[in-house]
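We did not get these values from a lab; they are worked out from the coordinates using the rules stated. The shown structure was predicted, so the numbers you read here are calculated from the model rather than taken from an experiment. No Cβ is skipped: glycine too gets one built from the backbone with ideal geometry, and neighbour counts run over all protein chains shown.
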Amino acid sequence: MVQHSDFDDPGVREVIVVGGGIAGLSAAIYLGRAQRDTLVIDSGHSMAKWEPVVENYLGFPRGVGGEELLKNGTFQAKRHDVRFVRDEITSVSAGKSVFALKGKEKRYRTRRLLLATGIFHRPPEIPGVKECLGHSMFFCKDCDGYRVRGKRIAIVGANNEAVEYALGMLHYSACVIVVTNGDRPRWDKRHARWLDEYEIPVARQPVRDVEHRKRKIRALEFAGEKSVKIDYLFTTRGDVFYNQLAKKLGAKLDSDGQIKVDQCMRTSVPRLYAAGCVTPANCQMIIAAGQGAAAAQAINRDLFEESLATHSLQHFRAAQIDKEKTVPEISRTNRKGRKK
Ligand SMILES: Cc1cc2nc3c(=O)[nH]c(=O)nc-3n(C[C@H](O)[C@H](O)[C@H](O)COP(=O)(O)OP(=O)(O)OC[C@H]3O[C@@H](n4cnc5c(N)ncnc54)[C@H](O)[C@@H]3O)c2cc1C
């Protein structure tokens, strides 16, 4: 079968996806099935790896491991001829019709570029907490609030967001405490009033240590020998957005550093797309996957329209006519529909 890629400069991909997490893999599956010559470049740090049991992804009523989703997604994309390389892209530039990417291992060129580089949730600066990540220490109420129903929950933070987090958590548990970890509270008067009104206690001392066993938190130990028994810890320290490549290309970012996109995941830079948590999406796996699919569809459509505008589809068709049967076989049938 004649392929699009037979007509391309072999040194230039049709599409490169930077980031092989949930958004990037979903895009890759769509692009592979659209027969686009696609390369996924991934440095291997998807946040999905932190989640042992994803309970809110459609189609897995008993949950699915984040690692398993990534493994299956990669397998699925490979089945559609998508290629993968382990590398970290450190720099990018845009030519008239091609992006040039420089990785730690190699250089790459592509006609369309999708950034699905994700974010990094900053864990709290509390000793012993990292081991509990994804098991009893979480970042996301929407992902994990349900699984901590009725438990003892601490929210680490000292700003308005931490207060709202604690208030939102009341839907899941009556036993919620805010822990400022020694920081001076920065919440405003309105939020302070809410803490009083809803009788949410605040611990202001620095956390000296976390008592945990088999990744399950048991208590926070404060300076001055006090401790509080809890089951789960949530934090609101904020996120680091992996937006450096978008910045380099001059794409518009919002005030948090998220890459601005339209409904089809197009950025403000022509031929550049972004999907997943690096955009202003609510950072959930199913949303990242949906955005990846939307980006892939826009890329496929834009490449198709370009092929009409530049007449490259005509070269493709000429090769089909030359090499393949292009008219279905027509044979005469009798009245009963049987071939004569
Ligand atoms: C502890 C924890 C628990 C979570 N639990 C849930 C849950 O239960 N349900 C849910 O819906 N969501 C959950 N999430 C959020 C979920 O992980 C994200 O929504 C999802 O992974 C976002 O997908 P993404 O593709 O945008 O980013 P990611 O999956 O993080 O993928 C980004 C990829 O880009 C790569 N990359 C970045 N920069 C470069 C570069 N310059 N060059 C090459 N590669 C690069 C990274 O290595 C990474 O593989 C959880 C997150 C955490 C941290």
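Across the Cα atoms of segment 78-152, what radius of gyration and what greatest pairwise Cα-Cα distance (Dmax) are found, in Å?
19.5, 57
Against the longest alpha carbon principal axis of the chain, how many degrees, from 0 to 90 and to the nearest 10, is the axis of helix 22-33 turned?
In the chain, helix 22-33 runs at an angle near 10 degrees to the longest axis.
Report the rotationally averaged projected area of segment 177-242 based on its alpha-carbon convex hull, in square nanometres.
6.2 nm²
Could you give the dipole magnitude of the chain about its Cα centre, charging the beta-carbon of Lys and Arg +1 and that of Asp and Glu -1, in debye to the nearest 20?
1240 debye
Which value results for Rg/Rh of segment 208-340 when Rg is the Cα radius of gyration and Rh the Kirkwood radius based on the inverse mean 1/r?
1.36
Binning every alpha carbon pair distance of the chain at 10 Å from zero, what are the percents per bin?
For the chain, the binned pair fractions read 5, 22, 25, 19, 14, 8, 4, 2, 1, 0 percent.
Work out how much length Glu88 to Leu313 would gain on full extension: take 0.36 nm times their residue separation and subtract the Cα-Cα distance, in nm to one decimal.
Gain on stretching Glu88 to Leu313: 77.7 nm.
For segment 1-106, just the Cα set please: Rg and Dmax, both in angstrom.
My reading of the Cα-based Rg and Dmax gives 15.4, 49 Å.
If the cut-off is 29 Å between C-alpha atoms, which lysines fall inside it for Lys336, apart from same-chain ones fewer than 8 positions away?
Lys325
Considering only segment 130-235, what is the antiparallel percent among its DSSP beta bridges, to the nearest 5?
Approximately 40 percent, going by the DSSP bridge assignments.
If you wrap segment 130-235's Cα atoms in a convex hull and average its projection over all directions, what's the area in nm²?
With every direction weighted equally, the projected area is 6.2 nm².
Calculate, in nm to one decimal, what Asp256 and Asp8 gain on full extension: separation in residues at 0.36 nm each, minus their alpha carbon distance.
Separation in residues times 0.36 nm, less the Cα-Cα distance, equals 85.5 nm.
Evaluate the distance, in nm, between pseudo-label points positioned 7 Å from the Cα of Lys336 and of Cys140 along their respective Cα→Cβ axes.
Computed distance between label sites Lys336 and Cys140 equals 6.1 nm.
In µm²/s, what is D for segment 170-213 at 10 °C and 1.306 mPa s, where D = kT/(6 pi eta Rh) by Stokes-Einstein and Rh is the Kirkwood radius from Cα pairs?
Reported coefficient: 133 µm²/s.
Excluding residues on the same chain fewer than 8 positions from Lys102, give the lysines whose Cα lies under 24 Å from its Cα.
Cα-Cα hits under 24 Å: Lys78, Lys247, Lys248, Lys252, Lys260.
Cross-chain or 8 or more residues apart, Cα under 23 Å: how many lysine pairs in segment 130-235 fit that? Count them up, please.
The number of close lysine pairs in segment 130-235 is 18.
On full extension of the chain, what length is gained from Lys104 through Ser173, given 0.36 nm per residue of separation minus the C-alpha to C-alpha distance?
So the extension gain works out to 20.2 nm.
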